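> Dropping a structure here in structure tokens format, bear with me for questions.
The values are calculated or read from the model by the stated rules, or taken from the named source; none is laboratory data. In this text the structure is predicted, and so the values were computed from the model without any measurement. Heads up, the Cβs are rebuilt from the backbone with ideal geometry, glycines too, and the neighbour counts pull from every protein chain shown. Please note that ligands, DNA and RNA were not included when accessible areas were found on the heavy atoms of the full protein model with its side chains. Shrake-Rupley method; radii C 1.70, N 1.55, O 1.52, S 1.80 Å.
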Amino acid sequence: MPELPEVEITARLLDAALRGATITQISAPGLNTLKSFDPPLSALEGARIEGLSRRGKNFIVSTDRDVALVMHLMSAGRLQLYDAPASRRDRTARLLLGLVDGRELRLREFGTKQAAWAKLLTVDALDSDEALAKLGPEAWPDPPVLSEVLDGARPLHAILRDQRVIAGIGRAWVDEILWHARLSPFRRACDLGTDELKALRKAIVETLGGALEHYERALSLPIPDKLPLPLQIHAHQGDPCPRCGRRLEAVHFEDYVIAYCPDCQTQGKLLKDRRLSRLLR
Ligand SMILES: [Zn+2]
């Protein structure tokens with residue numbers, strides 16, 4: 001989190017609010033946040049914002065200058081617009097954009113890790129920068145033909161989160177998508193039949209689209225620190241399945257936890273932890 005729906009709604013709201021605004025000040029209080037050094041941040045001073053868009057889970061702020069700002073929230077960031085600059089030192093602040101009308105756009109990050117990042121790039125360098133160049137086709141609104149992009153070697157749960165294969169899905173929404181499609185997280189893409197691929201595609205479009213519709217109703221600026229996530233499966237292990245009522249289970253995979261319904265997704269079988277086998281190797 002945040003994933004495609006959260007980044008998309010943030011981009012929509014901020015695009016409407018920031019279009020035409022002039023940047024007067026920019027600073028990066030997050031020590032490791034800025035991942036570029038040329039052009040310098042000062043190249044944004046006096047620039048007018050022409051739009052704020054999303055690519056995968058990245059934000060792109062385009063301007064009337066030859067530079068664009070790319071930002072990624074990683075797992076705990078927020079991009080928030082306030083009517084006035086922070087009055088005291090905000091320990092969550094990573095990047096601050098002051099606007100001519102006194103408003104301030106803040107890239108903030110919660111928790112102990114500093115992983116959110118920003119890059120200021122020339123427009124020419126934008127598409128070839130590794131952050132964007134390696135992204136696969138967008139998961140929403142029109143995902144790629146799944147039989148062409150999902151190779152057979154990895155479990156569905158891993159491949160759907162691979163941004164080079166399909167862009168925008170992370171560890172929260174993948175649980176919801178696989179539950180909607182009634183597919184096991186450990187199924188291999190090469191084993192999926194035509195109907196299963198169709199169900200998966202439908203689940204991707206409807207799950208991500210449904211989340212966006214929810215956010216369109218539930219959110220306004222500033223984006224809150226705690227998002228009203230409409231998740232039913234992810235992190236809901238122990239709760240009853242919203243479809244069949246069976247207890248949702250959890251399985252450890254690599255360094256995270258997958259939630260699923262055994263009756264809907266794995267023919268009643270409990271999945272085995274894949275974390276232990278790795279430690280014993
Ligand atoms: Zn179920």
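> Expressed as a fraction of 2.2 N^0.38 Å, the rule-of-thumb size for a compact globular protein of N residues, what is the C-alpha radius of gyration of the chain? Don't skip to the answer; put the middle values down first.
Numbers: Rg = 20.2 Å, N = 281, 2.2 N^0.38 = 18.7 Å.
Ratio of Cα Rg to 2.2 N^0.38 Å: 1.08.
> Please work out, to two decimal places, the log10 of the ratio I(q)/I(0) at q = 0.16 Å⁻¹ from a Debye calculation in which every Cα of segment 4-133 carries one identical scatterer.
Listed by q, the Debye log ratios stand at -0.73.
> Sticking with this structure for a sec: Connecting C-alpha atoms closer than 10 Å in a GNM of the chain, tell me which of A11, A218, A259 has the biggest fluctuation.
Most flexible of the set in this elastic network: A218.
> For the chain, with every protein chain kept in place, what is the accessible area per residue (1.4 Å probe, Å²)?
Heavy-atom accessible area per residue stands at 48 Å².
> Moving on to the next point. Among 194-201, 101-108, how do they line up by average Cβ neighbours within 10 Å per residue, starting with the highest?
Details: 194-201: 15.4, 101-108: 18.5.
Per-residue mean Cβ counts within 10 Å order the peptides as 101-108, 194-201.
> Output the 0 to 90 degree angle, nearest 10, between the alpha-carbon long axis of helix 194-218 and the longest principal axis computed from the alpha carbons of the chain.
Relative to the chain, helix 194-218 is tipped by roughly 40 degrees.
> Take every DSSP beta bridge whose two residues both sit in the chain, then give the antiparallel share in percent to the nearest 5.
95 percent
> Tell me the carbon and sulfur percent of the accessible area for the chain, rounded to whole percent, probe radius 1.4 Å.
Here it works out to 49 percent.
> In degrees between 0 and 90, to the nearest 10, how far off the longest principal axis of the chain does helix 4-18 point, with axes built from Cα atoms?
It works out to around 20 degrees.
> Oh, and also: Calculate the length of the line joining the C-alpha centroid of segment 175-249 to that of segment 89-145, in whole Å.
25 Å
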